[in-house]
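Here the structure is laid out as structure tokens; the discussion comes afterwards.
The values are calculated or read from the model by the stated rules, or taken from the named source; none is laboratory data. Note that the structure is predicted; figures quoted are calculated from it, not measured. Note that we place each Cβ from the backbone using ideal geometry, even for glycine, and neighbour counts take in every protein chain shown. Calculation scope for accessible area: heavy atoms of the full protein, side chains included, ligands and nucleic acids excluded. Shrake-Rupley method; radii C 1.70, N 1.55, O 1.52, S 1.80 Å.
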Amino acid sequence: MKKSHILSAVAGVALAFSAVSAFAQDFKIGLSNGWVGSEWRTQMIDEAKAAAEAWKEKGVNVTVEVQSANVDVPGQIAHVRNFISAGVDAIIINPNSPTAFDPVFAQAKEAGILVIATDAEVSSPDALYVGIDQKAWGAAGAEWLAKTLDGKGNVVAINGVAGHPANEMRVAGYREVFAKHPDIKIVNEVNANWDQAQGQQAMQNLLATYPDINGVWVQDGMAAGAWKSIMDAGKTDSIAATGEIRKDFIDLWTKDKLNSGASVNPPGVMASALNVAVLMLQGKELKEPAEAGQYKNAMYLPIPFIDSSNLEEAARQLEGKPGYYSYTSALSIADAEALFK
């Protein structure tokens, strides 16, 4: 399929597509994932592949080329360059940096390639973001914890990968919420790299140092480990902590009636981005320009929240799934079509 050359302005971003793009029924999309440290990322890729397959029922052939590996920022920039060389029509990336991709995204635009970031926002004026507001994600868990603690108590935070854009926005979200509650004191913040074992060890260390803590703000990928340390210490009745969206944790949460609440960052965000990308490649225009967020290029998706009021419903969605499977949601093709004129 020939590269596109028509100018289409979306969210104030000038993106080039060919006249045939609006009518083309074959698209090749590159998926870049620069970190593979959790099953969440594997599910993210699998859901995006399934979304591509679903387009066949619409008579649209969407093929995906996946580059998924633990790489540093230069390594992920190489992913993008490989996709440019392969002549893809669009690139969907879960980026390892908010700012480092600006030059290579400009190269993609010059080649007539649509770029959409997901899960973590990017500063490039040549890309859109389709995903949740990570700051709001962090704030939602903090609001739940503050309410559960009646606005007072000692809290610790267990964060993900230091410097990762999604992690930094989540941290900003909970700090902003807790700053509104002068009787809540953050006694320590540590990083456990979205790893369950590291989360468990971090929580064990924090309990040894701060035996009187009342609350724990912890991110997905580590909450199950943190809760294991809380349970091992016999403190399930005295500590409230944010939780996980994985089936194994939701099963534990249900069985032991844990005092928990979980913001949902669905693995389906990349599938949502793919459905938006296909419609844009078909030449369709968004009803509302994607200009939210700090870089004014974001389309934010809803952030579900699981607590005692809907825990049973979440558990039902996960029936029959393996323990590592995460509660998820995504824009269906019909949902995405409703966003376009």
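Brief remarks on what is shown
- Degrees between helix 196-209 axis and first principal axis of the chain (Cα, 0 to 90, nearest 10): 30
- Gap separating the Cα centres of segment 23-59 and segment 279-330, nearest whole Å: 15
- Candidate residues Glu65, Glu53: accessible-area rank, largest first, probe 1.4 Å: Glu53, Glu65
- Averaging the Cα positions of each part gives two centres, and for segment 68-89 and segment 237-266 these lie 36 Å apart.
- Those lysines that a straight Cα-Cα span of less than 17 Å connects to Lys257, excepting residues fewer than 8 apart in one chain: Lys228, Lys235, Lys247
- Under Karplus coefficients 6.51, -1.76 and 1.60, residue-wise ³J(HN,Hα) of segment 310-322 in Hz, glycine/proline x: 10, 4, 4, 5, 5, 4, 5, 4, 9, 4, x, 8, x
- Among 313-320, 152-159, the order from most to least packed when residues are scored by Cβ within 10 Å on average: 152-159, 313-320
- In the chain, helices alone account for a calculated mean residue ellipticity at 222 nm of -11500 deg cm²/dmol, with every DSSP H run of four or more residues adding -39,500 (n - 2.57).
- Couplings 3J(HN,Hα) of segment 52-59, computed from phi: 4, 4, 4, 5, 4, 5, 8, x Hz, in residue order, whole Hz [Karplus 6.51 cos²θ - 1.76 cosθ + 1.60, θ = phi - 60°; x for Gly and Pro].
- Taking amide H as placed 1.01 Å from N in the peptide plane, the amide H of Asn188 sits under 5 Å from that of Ala157, each at least 5 places away or on another chain.
- Each peptide among 215-227, 91-103 gets the average number of other Cβ atoms lying within 10 Å of its residues, and from highest to lowest they stand as 215-227, 91-103.
- Accessible surface area normalised per residue over segment 134-263 is 40 Å², counting heavy atoms of protein chains with a 1.4 Å rolling probe.
- Charge dipole magnitude, Cβ of K and R +1, D and E -1 - the chain, Cα centre, debye nearest 20: 400
- The packing ranking, built from the mean of other Cβ atoms within 10 Å per residue, places the peptides 167-173, 112-118, 57-63, 37-43 in the order 112-118, 167-173, 37-43, 57-63, highest first.
- Extreme residue, positive dipole direction of the chain, given options Gln107, Gln67, Thr242 (C-beta unit charges): Gln107
- Overall, segment 134-263 carries a charge dipole of about 180 debye about its Cα centre when +1 sits on the Cβ of Lys and Arg and -1 on the Cβ of Asp and Glu, all other atoms neutral.
- Relative to one another, the C-alpha centroids of segment 187-225 and segment 112-168 are positioned 18 Å apart.
- Under Karplus coefficients 6.51, -1.76 and 1.60, residue-wise ³J(HN,Hα) of segment 127-140 in Hz, glycine/proline x: 9, 9, 10, 10, x, 7, 7, 5, 5, 5, 4, x, 5, 4
- Inter-label distance, nm, simple model (7 Å from Cα along the C-beta direction), Gln294/Glu57: 3.9
- By accessible area with a 1.4 Å probe, ligands and nucleic acids excluded, highest first: order of Asp133, Asp212: Asp212, Asp133
- Its Cα centre serving as origin, segment 143-183 has a Cβ charge dipole (Lys and Arg +1, Asp and Glu -1) of approximately 20 debye.
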